[in-house]
Amino acid sequence: MEGTLFYQLLLAALFSLAIPILCSSSSNTKHFNFNVEWKSVTRLCHTKPVLTVNGKFPGPTIAVYEGDDVEVTVTNSVARNTTIHWHGVRQVRTGWADGPAYITQCPIGAGNTYTYKFTVLDQRGTLWWHAHFSWQRASVYGAFIIHPTTPFPFHFSLPPIHAHIPLIFGEWWNRDIEVVEREMNLFGGGPNSSDAYTINGLPGPFYPCSTKDTFIQTVEPGKTYLLRIINAALNDELFFAVANHSLTVVEIDAVYTKPFTTTAIMLTPGQTTNVLLTADQIIPQDHSTEGVFVMAARPYLTSIFPFNNSTTIAFLKYQTNKPYPTMPPHNYTLPLNLPAMEDTPFATQFSNSLRSLASQDYPCRVPTKIDKRVFITIGLNLQDCPQNQTCQGFRGKRFYASMNNQSFVRPSFSILESHYRKFKNNGISSDFPEKPPYVFNYTGVNPVTENMNTVFGTKLLQVSFGTRLEIVLQDTNFLNPENHPIHVHGHNFFIVGRGFGNFDDDKDPVEYNVVDPPERNTVGVPVGGWAAIRLIADNPGVWFVHCHLEEHTSWGLAMGFIVKSGKEPSQCLLPPPSDLPPC
């Protein structure tokens with residue numbers, strides 16, 4: 001009883017410290033104000049205006065309790081359209097608050113305001129928020145923390161938590177990100193890589209002029225800390241490790257896991273992972289230069305395309321009686337436990353170690369039987385260059401990407417509003433192909449000699465309320481097999497199977513894990529392989545399914561997903577709010 005009371009008091013203290021932008025609240029409604037504005041930021045000797053929320057880079061942390069109603073009033077103070085997406089929040093019946101531009105809403109125009117209203121239902125842990133218009137999430141992002149109303153399930157089996165530490169991985173471009181995106185779309189080539197990776201917005205001493213821009217976290221010897229780790233990078237999956245320390249994974253994408261200890265972790269863009277770290281290293285009596293440990297993040301490489309092959313570091317500094325210099329020491333090296341950039345075996349082992357808690361209090365509600373299976377090939381495409389244009393893709397063509405050879409085209413209006421109001425003849429159809437148009441050796445074709453021209457359109461996959469759905473995501477060898485992070489809006493799903501090569505409809509389902517598969521909102525489809533996910537389509541509305549590598553989404557690696565309303569009022573999409581932005 002005393003332990004539970006202490007835990008609740010600790011949560012209350014952490015909660016009060018973690019909401020710097022809380023302006024008012026009732027018993028279960030939390031109100032926040034976001035102002036999208038330009039801020040002059042200097043990194044790597046370059047100063048430029050950066051799009052921010054409330055002038056912060058990264059943006060402010062939102063912290064609430066499970067069960068809270070949330071209202072975030074977003075004011076757009078720049079001469080650009082914008083939206084905000086609450087990544088991983090399921091938005092039960094409140095698709096109007098989900099955020100992807102032209103999917104669930106029209107953008108918030110310059111000088112306008114929109115209030116996102118939703119309830120956090122049956123979720124707890126670390127999620128995040130980010131802009132979902134163009135490539136604005138390069139700088140517009142922040143943590144979204146849902147505190148539980150009951151003790152952590154690992155509270156009594158693992159060391160008590162002394163403090164919570166958010167770690168958000170991002171990227172920095174010296175150039176204007178809008179120009180990078182515009183040039184990619186204009187010429188059909190690959191985008192310029194970022195100039196640095198960041199931890200909590202700071203690149204660290206491996207980059208020019210950046211020693212002072214280094215994140216340093218002080219810890220007390222013997223104490224255990226909960227690291228809330230978020231990969232907000234635009235186009236890169238990342239490995240993370242702390243020198244001389246192990247990490248105990250306890251949660252992914254705001255879902256508790258069976259705890260396991262690892263030397264490092266891997267996160268795709270969009271994923272979050274909570275780990276416990278204990279400051280258990282012995283510090284020499286003289287305290288010399290010991291007690292400072294490198295935390296490092298670098299890319300997991302599965303692509304042949306140009307990429308940022310640098311490493312960002314921060315420091316874990318043990319608190320002692322002897323003061324340390326303000327700046328980190330100069331004799332630091334990368335952690336020996338940081339995986340190499342092409343370490344697919346480690347990435348695979350780590351992913352395979354993830355398991356849902358599947359306890360009485362936190363059951364694993366994976367569908368053991370399905371009503372529908374959809375088979376989707378994903379990958380890159382080359383499109384013939386239009387006449388009288390210059391294209392900078394491979395062999396003078398344009399890069400695109402697709403699902404079942406369909407490159408998704410966003411309309412100039414909100415698909416959700418069109419669906420709700422039953423508009424017709426708008427160029428949208430609900431006949432997304434549920435299997436590839438052609439059967440071939442998906443991971444064995446010659447990557448450049450096959451015909452890879454794709455088809456453009458706005459085709460949606462539509463299912464009835466309550467459908468037990470399985471989606472098999474199959475990577476292809478076109479141009480380059482790659483580990484694709486696929487994010488599903490509006491639903492969590494269960495990763496019941498993963499493998500390399502082509503999915504075998506006869507053999508692979510037999511090996512599915514339908515007991516305790518990991519539950520996520522973003523899955524990394526293995527390079528040259530497949531992933532099978534299952535979900536119950538019980539959230540009415542229109543949802544976006546897309547690759548969370550922003551360049552791939554821009555090239556069309558996405559689709560719309562409609563869940564029709566059910567028969568009961570509680571199974572229907574709520575009406576649109578009065579301040580929904582117009583197109």
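Could you list all residues from the range 410-438 that are at positive phi and open to solvent by less than 80 Å² (accessible area, probe 1.4 Å)? Within the range 410-438, G427 is the sole residue that qualifies. Residues in the range 352-383 that are open to solvent by less than 50 Å² (accessible area, probe 1.4 Å) and either on the phi > 0 side of the Ramachandran plot or assigned to a loop (DSSP other than H, G, I, E, B) (or both): L354, L357, A358, S359, Y362, C364, V366, P367, G379. Candidates are the residues of the range 548-567 that are outside any helix (DSSP H, G or I) and among the small types (G, A, S); the one that is farthest from M452 (Cα to Cα) is G566.
When T268, T302 are checked against the criterion of being open to solvent by 10 Å² or more (accessible area, probe 1.4 Å) and assigned by the TED database to the domain that holds L167, a single residue qualifies: T302.
Going by what's in this entry, would A143 be described as part of a strand (DSSP E or B), small (G, A, S) and under 18 Å from D69 (Cα atoms)? Yes: the conditions hold for A143. Annotation note: of F215, F240, F260, the sole residue that is of a type in the set (A, V, I, L, M, F, W, C), open to solvent by 30 Å² or more (accessible area, probe 1.4 Å) and closer than 25 Å to R124 by Cβ is F260.
Among the residues making up the range 473-522, a single one is in a loop (DSSP other than H, G, I, E, B), among the aliphatic types (A, V, I, L, M) and within 26 Å of N453 (Cα to Cα): L479.
Consider the range 154-182 and keep the residues that are in a strand (DSSP E or B), β-branched (V, I, T) and crowded, with 18+ Cβ neighbours inside 10 Å. The one that is modelled with the lowest pLDDT is I161. Among the residues of the range 394-406, some residue qualifies, meaning at least one is farther than 17 Å from L186 by Cβ and part of a loop (DSSP other than H, G, I, E, B).
Of all residues in the range 19-30, at least one satisfies being buried (at least 17 other Cβ atoms within 10 Å of the Cβ), modelled with pLDDT of 95 or more and not in a helix (DSSP H, G or I).
The values are calculated or read from the model by the stated rules, or taken from the named source; none is laboratory data. No experiment lies behind these values; they were computed from the predicted model shown. Quick reminder, even Gly has a Cβ in these numbers, built from the backbone with ideal geometry, and neighbours come from all protein chains shown. Side chains included, ligands, DNA and RNA excluded: accessible areas come from the protein's heavy atoms. Shrake-Rupley method; radii C 1.70, N 1.55, O 1.52, S 1.80 Å.
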